[in-house]
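S.K.: This is the structure I want to talk about, given as structure tokens.
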Amino acid sequence: MDLAERLAKYALSTEFRSLDSTTVKEMKARVVDALGCALGAFGEGPVEMARRSALKLRSGGESRILGTGSRSSPDLATFVNGFMIRYFDYNDTYLSKEPAHPSDNLAPCFAVAEAEGSTGKEFVAAAVAAYEVQCRLCDAADIRHRGWDHVNYGLVSSSLAASKLMNLPLAKATQAVNLALNGHIAMRQVRAGELSMWKGASFANAARNGVFAASLAREGITGPSPIFEGEMGFFRQVSGPFEVNTEEFGGRKGRYKVNGTYVKYWPAEYHAQSAIWAALEIRKRQGDVRRAESVLIQTHEAAYTILGRDPEKWAPKTKETADHSLPYMVAKALLDGRVDNSTYSSANLRDPRTLALMAKVKVVEDPTLTSLYPDRGMANRITVSFAGGGKETAQVDLPKGHPANPMTKDDIEAKFLRLVGRHIDGHRARRVLKRLWALEDEKEAGSVLGLLRVA
């Protein structure tokens, strides 16, 4: 049995009744977190562009465009809603050989669940399976250093989540993986240099392709096989060979991976979370950081490569580059005492104080910190030297939201309410929370999205 078929067999076998209560609770927490991120981004310019584009392509369909009364096809709704979830770079993370944002899988789960009339239990099971497949692939092989984007693993997870919600048989679910993976490989250039709007859309597009692939497979279309092991397949062209033992997956011998994913406290790329906390600690001790003569950020390899190597990170011109810039995020935390969505406004990107402090920032990789990654943390150490002598150093290994330092239910609800507060009133937001925390009881999982319509 080839890998695509083994992954499909696992995904289709994942049932709600086999999930432990902790896994269900954590899955619902990720849904709350992701939908808060999505609705918070409702009015952002690139999101509006995506929404207009989708509705021009197809207005009317089975799946809701989040925040509106409009519907489109499941694949286009997946794209728009997935872009919303990802836009603020505030949704969850998984860090292993390959990084990922597993809640990107929730957009296809909602779109297909709504089209198929799936129950809350069916939705939760499909979402857990998608998390499992994507995270296990991230454990298996690093593809970013080979020039490929992590969302390629999402082609597999989203096509299988869609297949499960469509109740496809094993043969057709396997074909969905073959179709999705062969035709839609994404390059890592999306996260190099000056970052574009596509940074937030890359997985949304992968998931759109995954849903479309499942739709094609349902009708009987077949794809290239074996897609992983073949002569010109994924192993040879993209990842190199790797082993995946599905018997070690959650519900078999292993713990479900959703329990090991990380929630973001700050709207920033996850490798920077501990750097922000360290900067805030220095600010708390020192107060006025305008006297800083130099700022040294010692970090681990992943953060250096993704957030601190490119020269564009010292003069970010886009929101997407700024929330992937260690110099920028640390400077703003030192100066403002916070990092929030307003941190990335055009005015802040041009702020002379910020640019002046960033010019004093140096980022280096520390092999000691790299050795901790990812199991013992994603550490950052910041040292600020001040005019007239004196310095402050702070190191944080495990930021709040890491599984070893988790955010509480109250933390996650507060984040949700803060994000959606611009668009729906507090009473309705709390009604949504009540429904989401009981998602498994919904007769139609997609119905809860109706409460998130923006007036």
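The values are calculated or read from the model by the stated rules, or taken from the named source; none is laboratory data. Bear in mind that the values here come from a model prediction, so they are computed numbers and not experimental data. So basically every Cβ, Gly included, is an ideal-geometry build from the backbone, and we count neighbours across all protein chains shown.
S.K.: So which residues in the range 156-204 are over 27 Å from Glu5 (Cβ atoms) and in a loop (DSSP other than H, G, I, E, B)?
M.R.: Across the range 156-204, the qualifying residues are Ala192, Gly193, Glu194, Leu195, Ser196, Ala201.
S.K.: Out of the residues in the range 407-417 that are assigned to a helix (DSSP H, G or I) and free of Cβ contacts under 8 Å to residues at least 12 places away in the same chain, state the one that is surrounded by the most Cβ atoms within 10 Å (Cβ to Cβ).
M.R.: Going through the qualifying residues, I end up with Ala414.
S.K.: Considering the range 415-448 alone, what residues qualify as being among the β-branched types (Val, Ile, Thr) and either more than 16 Å from Glu122 (Cβ to Cβ) or in contact with a Gly (Cβ under 6 Å, 6 or more places away or on another chain) (or both)?
M.R.: Matches in the range 415-448: Val420, Ile424, Val432.
S.K.: Within the range 118-127, does at least one residue satisfy the condition of being closer than 18 Å to Ala201 by Cα, modelled with pLDDT of 95 or more and in contact with a helix residue (DSSP H, G or I) (Cβ under 9 Å, 6 or more places away or on another chain)?
M.R.: no
S.K.: Considering only the range 181-204, how many residues are hydrophobic (A, V, I, L, M, F, W, C), closer than 14 Å to His324 by Cα and in contact with a helix residue (DSSP H, G or I) (Cβ under 6 Å, 6 or more places away or on another chain)?
M.R.: Within the range 181-204, residues that are hydrophobic (A, V, I, L, M, F, W, C), closer than 14 Å to His324 by Cα and in contact with a helix residue (DSSP H, G or I) (Cβ under 6 Å, 6 or more places away or on another chain) number 4.
S.K.: Determine whether Ala272 is part of a loop (DSSP other than H, G, I, E, B), under 30 Å from Ala414 (Cα atoms) and in contact with a helix residue (DSSP H, G or I) (Cβ under 9 Å, 6 or more places away or on another chain).
M.R.: no
S.K.: Only one residue in Arg381, Arg350 is surrounded by fewer than 12 Cβ atoms within 10 Å (Cβ to Cβ) and within 16 Å of Val330 (Cα to Cα), so which one is that?
M.R.: On inspection, the qualifying residue turns out to be Arg350.
S.K.: Scan the range 11-32 and report the pairs whose first residue is over 24 Å from Ala173 (Cα atoms) and in contact (Cβ under 8 Å) with a residue 24 or more places away in the chain and whose second residue is among the basic types (Lys, Arg) and part of a helix (DSSP H, G or I), with Cβ atoms within less than 8 Å and a gap of 6+ or a chain change.
M.R.: From residues that are over 24 Å from Ala173 (Cα atoms) and in contact (Cβ under 8 Å) with a residue 24 or more places away in the chain, the pairs are Ala29/Lys409.
S.K.: Pairs needed: first member in the range 225-246, of a type in the set (A, V, I, L, M, F, W, C); second member anywhere, loosely packed, with under 14 Cβ neighbours inside 10 Å; C-beta distance under 8 Å; at least 6 residues apart or different chains.
M.R.: Correct list of pairs: Phe235/Pro241; Val238/Arg146.
S.K.: All but one of (1) in the same structural domain as Pro102 (by TED's automatic domain parsing); (2) more than 16 Å from Ala140 (Cα to Cα); (3) not aromatic (Phe, Trp, Tyr) hold for Gly254; which doesn't?
M.R.: Only one criterion in (1) in the same structural domain as Pro102 (by TED's automatic domain parsing); (2) more than 16 Å from Ala140 (Cα to Cα); (3) not aromatic (Phe, Trp, Tyr) is unmet by Gly254, namely (2).
S.K.: Residues being touching an Asp or Glu at 6+ places or on another chain (Cβ under 8 Å), over 20 Å from Asp139 (Cβ atoms) and either crowded, with 21+ Cβ neighbours inside 10 Å or at pLDDT 95 or above (or both): count how many of those fall in the range 273-307.
M.R.: Within the range 273-307, residues that are touching an Asp or Glu at 6+ places or on another chain (Cβ under 8 Å), over 20 Å from Asp139 (Cβ atoms) and either crowded, with 21+ Cβ neighbours inside 10 Å or at pLDDT 95 or above (or both) number 6.
S.K.: So Leu436 clears everything in (1) surrounded by fewer than 20 Cβ atoms within 10 Å (Cβ to Cβ); (2) in the same structural domain as Ala29 (by TED's automatic domain parsing); (3) not hydroxyl-bearing (Ser, Thr, Tyr) except one condition, right? Which one?
M.R.: Here Leu436 meets the rest and fails (1).
S.K.: Let me ask another. Which members of the range 186-216 meet the condition of being of a type in the set (S, T, N, Q) and within 23 Å of Arg51 (Cβ to Cβ)?
M.R.: Selection gives Ser196, Ser202, Asn205, Asn209, Ser215.
S.K.: Does Tyr262 fit the bill of being crowded, with 24+ Cβ neighbours inside 10 Å, under 26 Å from Pro406 (Cα atoms) and touching a residue at least 60 places away in the same chain (Cβ under 8 Å)?
M.R.: Yes: the conditions hold for Tyr262.
S.K.: Residues Leu170, Leu179, Leu165: which one is in contact (Cβ under 8 Å) with a residue 24 or more places away in the chain and within 17 Å of Gly82 (Cβ to Cβ)?
M.R.: Just a single option satisfies the conditions, and that option is Leu165.
S.K.: Now a separate question. Does Thr370 meet the test of being surrounded by fewer than 20 Cβ atoms within 10 Å (Cβ to Cβ), touching a helix residue (DSSP H, G or I) at 6+ places or on another chain (Cβ under 6 Å), among the polar types (S, T, N, Q) and modelled with pLDDT of 95 or more?
M.R.: Spelling it out, Thr370 is indeed surrounded by fewer than 20 Cβ atoms within 10 Å (Cβ to Cβ), touching a helix residue (DSSP H, G or I) at 6+ places or on another chain (Cβ under 6 Å), among the polar types (S, T, N, Q) and modelled with pLDDT of 95 or more.
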